[in-house]
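Some notes on the structure that comes next.
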Amino acid sequence: MQNRQVAGLCWLLVLMTFAVAKPTCWSAEGRKTETTLRPNKDERANRRNRTEVPIPEIGKWGRRPIKCHFVVINDTHVRPAETRGLDKAMARLQNQVPDFVVFIGDLTFGQGESETIKQDSFKTLVETAQKVRRPSYFGLGNTDVTRGSDPFRAFRELTHFAPYYSFDSGGVHFVMLYTEQAKPGRFGTVSGPQLKWLKSDLESMTQGSAVVLFGHHPLYPDEKKWERDNWGIDNAPQLFEILEPYHLIATFSGHRHLNRMNLDKRGVLHVINGAMVNDHSDDIGPKKDGIGYRWVTLTDRTVSTTWIPIGTGDIPR
């Protein structure tokens, strides 16, 4: 009888341990670290969809206070008068009130379409985005350029943004990169003139600012496999050499139509964001993520991201 009581007590302690244990994430050194993730039976999916990591201790200056909430949306593939899943996202965001919404490429459908079609598509996109009544920032993807001598004109005239630029919010310096090759396609790059601009931009920003990068193609400095599997940029080492002295805390990209995250050797969080249309997560397993957008919170201590699905499966092309 005593043995049974002891055994029962042991099982009770085990169950209590699992009940209070926090899910785990991986540190930059590959060690498990506690996070504030909600319990999830599929920990791998949890790491893709919701995570919180500490702000890395890097950079040559002291810090500015950080407080910022924003939404990342990409791969909307909007057509004239056809918003696909974007209208659902905007309806939900009217009640969530982020500081701003950022769109990182493949905003319109079809690569190399006529300028007239692109203008109508960008008009539909911008009008839909304005329903949130929050600042919106737009970046280019491989489906957003047009044929002709000025491939960016429709984007520039309808969104009022250049192909690459920067802005400040909540103590953070945000940089939108243009990551397309001369002939836009699956893999990307950051051009030489743009790298030169970035160096100057970072040198002139407010000292102590944290830095966050946006770019349509995945941005990650350490592994060729990441670039190959996720259709990333081909000159990541040159990009991150420029960023080395600064307090980079995260990068956000799209293009791959699935959710993936990774920490580099410095502890910087790199996020590939799921799409607003056609979930491609079946490339690595069953479709789980659906279509949606990502809510991001930055504080002095953490980067927290949550994937918010608004539907499952594909939206017909």
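The values are calculated or read from the model by the stated rules, or taken from the named source; none is laboratory data. Because the structure is a prediction, the values reported are computed rather than measured. Reconstructed Cβ throughout: ideal geometry from the backbone, glycine too, with neighbour counts over all protein chains shown.
When you look at residue 159, is it more than 18 Å from the chain's Cα centre (by Cα), closer than 20 Å to residue 310 by Cβ and at pLDDT 85 or above, yes or no?
On the way: more than 18 Å from the chain's Cα centre (by Cα): yes; closer than 20 Å to residue 310 by Cβ: no; at pLDDT 85 or above: yes.
Taking the combined requirement at face value, the residue does not satisfy it.
Considering (1) in contact with a Gly (Cβ under 9 Å, 6 or more places away or on another chain); (2) surrounded by 22 or more Cβ atoms within 10 Å (Cβ to Cβ), say which one residue 122 fails and leave the rest.
If we test residue 122 against (1) in contact with a Gly (Cβ under 9 Å, 6 or more places away or on another chain); (2) surrounded by 22 or more Cβ atoms within 10 Å (Cβ to Cβ), just (1) comes out false.
Taking the conditions exactly as written (out of contact with any Leu (no Cβ under 7 Å at 6 or more places or on another chain) and at pLDDT 80 or above), does residue 303 satisfy them or not? Don't jump to the end; show me each part of the working.
Working: out of contact with any Leu (no Cβ under 7 Å at 6 or more places or on another chain): no; at pLDDT 80 or above: yes.
The answer is no for residue 303.
Given the criterion out of contact with any Asp or Glu (no Cβ under 8 Å at 6 or more places or on another chain) and buried (at least 22 other Cβ atoms within 10 Å of the Cβ), identify the matching residue among 129, 182.
129
Looking at the stretch 19-106, what strands (runs of 3 or more DSSP E) fall wholly within it and have at least 3 residues that are at pLDDT below 85 and more than 20 Å from residue 133 (Cα to Cα)? Outline the logic, then answer.
Details: elements: 24-26, 32-34, 50-54, 67-73, 100-104.
Fully inside the stretch 19-106 and qualifying: 24-26, 32-34.
Could you run through the stretch 212-225 and say how many residues are buried (at least 21 other Cβ atoms within 10 Å of the Cβ) and either within 15 Å of residue 266 (Cβ to Cβ) or at pLDDT below 95 (or both)?
Within the stretch 212-225, the first condition is being buried (at least 21 other Cβ atoms within 10 Å of the Cβ), and the residues that meet it are 212-221.
Pick out the ones that are also either within 15 Å of residue 266 (Cβ to Cβ) or at pLDDT below 95 (or both) and you get 212-213, 216-221.
Residues meeting the conditions: 8.
Quick one: in the stretch 226-261, of everything that is among the aromatic types (Phe, Trp, Tyr), outside any helix (DSSP H, G or I) and at pLDDT 85 or above, which residue is farthest from the chain's Cα centre (by Cα)?
Narrowing the stretch 226-261 to residues among the aromatic types (Phe, Trp, Tyr): 226, 231, 240, 246, 252.
Adding the requirement that they be outside any helix (DSSP H, G or I) leaves 231, 246, 252.
Next, from what is left, pick out any that are at pLDDT 85 or above: 246, 252.
Values: 246: 20, 252: 3 Å.
Only one residue fits best here, namely 246.
Restricting attention to the stretch 125-170, which residues are farther than 22 Å from residue 275 by Cα and touching a Gly at 6+ places or on another chain (Cβ under 6 Å)?
The one that is farther than 22 Å from residue 275 by Cα and touching a Gly at 6+ places or on another chain (Cβ under 6 Å): 147.
So which of 233, 249 ends up being within 26 Å of residue 110 (Cα to Cα), of a type outside the set (Ser, Thr, Tyr) and touching a strand residue (DSSP E or B) at 6+ places or on another chain (Cβ under 6 Å)?
Details: 249 fails: within 26 Å of residue 110 (Cα to Cα).
233 is the lone residue from the list that is within 26 Å of residue 110 (Cα to Cα), of a type outside the set (Ser, Thr, Tyr) and touching a strand residue (DSSP E or B) at 6+ places or on another chain (Cβ under 6 Å).
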